[in-house]
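Q: The structure follows.
The values are calculated or read from the model by the stated rules, or taken from the named source; none is laboratory data. Because the structure is a prediction, the values reported are computed rather than measured. Using ideal geometry, Cβ is built from the backbone for each residue, glycine included, and neighbour counts are taken over all protein chains shown. With ligands, DNA and RNA removed, areas are computed over all heavy atoms of the protein, side chains included. Shrake-Rupley method; radii C 1.70, N 1.55, O 1.52, S 1.80 Å.
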Amino acid sequence: MSHLRHLFDTSNTFHHRDVKKSWNLEVEASKTLSRRLNYEFPELERSVHSNEYRKPTWRFDFRQPIICEKFHWSRDGASFMTVHNDLGIRQYLLPEDTETSLVPFKRFFRGQSIMESCVHPQYSLFADSCYNLVLLSCRDLPIQLFSLSGHAEEHPALFRYDVANPLNDRYEPVYSLAFWDDVAFLAGMARNKIALYDLNKGDAVREFQCRRDSTKSFLTAKSIVSSFNEDASESSKTFRYLGTYKSELYTLDPRSPSCYNVSNLEKNHTGNGGVTQLLSSLNGHFLYVVTRNSDRICVLDTRQNCSLVNELVLPFRIDSQKFKGSINVNGLAMGTADGCILQWDSDFVEFGGLSRHSTKSEDNAAEYTLTGIPTSNGSRLNIVACNPENPNMIGISYSSDKFDTTKDPVCGISIDEII
């Protein structure tokens with residue numbers, strides 16, 4: 001029987017309600033590792049909020065638990081980049097020694113709350129540095145492009161992309177970002193608006209609006225474009241799926257000025273839902289839809305106009321603290337609210353195990369329990385991200401419930417392997 005082998009973690013760096021203490025622990029760990037390996041690592045950048053004499057332009061809570069909210073593997077699987085709610089962007093190299101804790105190779109901060117991030121699909125610290133790029137969206141700022149090069153000593157924005165509303169000159173919030181290809185990306189905003197940008201141009205190349213049908217009337221009840229599908233197969237670059245916080249699903253084709261509604265998932269969920277993640281299967285035939293305030297993952301058949309063909313039942317209900325899953329040759333992996341990983345085998349969905357009628361799949365997932373992290377405070381596995389080069393290696397962001405102020409938080413990053 002398969003089980004998880006613990007490899008690396010961030011130790012107790014983020015087990016505090018003291019942001020400055022965690023920042024200092026990272027600095028000391030970096031210096032210790034540098035002396036041990038006799039290698040001069042880049043100095044970890046200090047946050048502008050760590051300056052006691054500088055009045056912050058944005059209210060910052062130094063008692064908040066530090067949680068990894070975004071986890072991006074490099075293309076070669078040798079490193080990964082994270083975005084935390086302390087406004088920090090960190091890059092980690094996978095250690096060669098399993099006795100070594102995860103210590104940032106590089107760290108820099110932004111001064112404003114980070115709403116969304118997107119790493120270039122060719123990102124790798126060991127490849128051409130021109131691809132080591134990350135897009136960040138912050139409130140009241142344009143979309144900004146930053147370097148993730150290991151040689152960069154400072155981190156000013158390399159480029160800015162205009163999101164100003166021409167009617168009031170205010171920057172529109174960007175809730176979702178996705179690279180279309182190596183030189184273009186998509187941005188999802190409020191009122192069902194999508195913009196396509198060229199990396200080398202500051203203004204949007206195209207803008208799209210969502211329609212519920214093929215008539216000339218646009219959707220009247222506008223929503224936030226919350227996610228674009230993560231294409232595991234890379235089989236098609238001709239169109240993308242996108243989801244909204246009204247649990248609606250649309251297709252985007254750059255040859256058309258509009259996006260057309262292909263599914264409405266509200267009837268399958270109770271409460272105030274909303275799509276938080278879209279995952280394409282390896283063969284491109286199925287779409288996994290993760291929504292808020294739901295206890296299941298919907299499986300849609302893209303060959304049947306995105307009709308609902310299955311529901312993967314979770315042992316908990318996803319609330320406003322998001323959970324992110326991942327797909328590779330082993331199937332769909334998803335974290336739970338009590339420190340476990342569920343994995344549905346790809347054969348079950350993609351190669352004949354799936355019923356052509358809607359069924360509920362409660363007992364078809366393998367369950368793995370993490371042993372390398374403390375679970376006494378109810379660790380939630382918020383992000384499960386499969387290594388692109390090693391399908392059995394999984395990157396995990398875990399934390400306590402960020403809304404529970406009665407306990408000391410237990411947060412961090414863990415790297416585990418299925419054996």
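Q: What's the number of the condition LEU44 fails, among (1) without any contact (Cβ under 8 Å) to a residue 40 or more places away in the chain; (2) in contact with a Lys or Arg (Cβ under 8 Å, 6 or more places away or on another chain); (3) closer than 20 Å to ALA152 by Cα?
A: (1)
Q: Need at least 2 residues that are open to solvent by 20 Å² or more (accessible area, probe 1.4 Å) and in contact with a strand residue (DSSP E or B) (Cβ under 8 Å, 6 or more places away or on another chain) per element, so show me which strands (runs of 3 or more DSSP E) inside the range 37-127 make the cut, counting only ones lying wholly within it.
A: 68-73, 114-119
Q: Which count do you get for residues in the range 134-187 that are open to solvent by 40 Å² or more (accessible area, probe 1.4 Å) and either aromatic (Phe, Trp, Tyr) or in a strand (DSSP E or B) (or both)?
A: 4
Q: So, one more: Just name the residue that is farthest from PHE8 (Cα to Cα) out of those in the range 382-419 that are touching an Asp or Glu at 6+ places or on another chain (Cβ under 7 Å) and open to solvent by 50 Å² or more (accessible area, probe 1.4 Å).
A: GLU389
Q: Among GLN321, GLN277, which is open to solvent by less than 40 Å² (accessible area, probe 1.4 Å), not in a strand (DSSP E or B) and not aromatic (Phe, Trp, Tyr)?
A: Result of the check over GLN321, GLN277: GLN321.
Q: Of the conditions (1) part of a loop (DSSP other than H, G, I, E, B); (2) open to solvent by 80 Å² or more (accessible area, probe 1.4 Å); (3) charged (D, E, K, R), GLU207 clears all except one; give me its number.
A: Evaluating GLU207 over (1) part of a loop (DSSP other than H, G, I, E, B); (2) open to solvent by 80 Å² or more (accessible area, probe 1.4 Å); (3) charged (D, E, K, R) leaves (1) as the failure.
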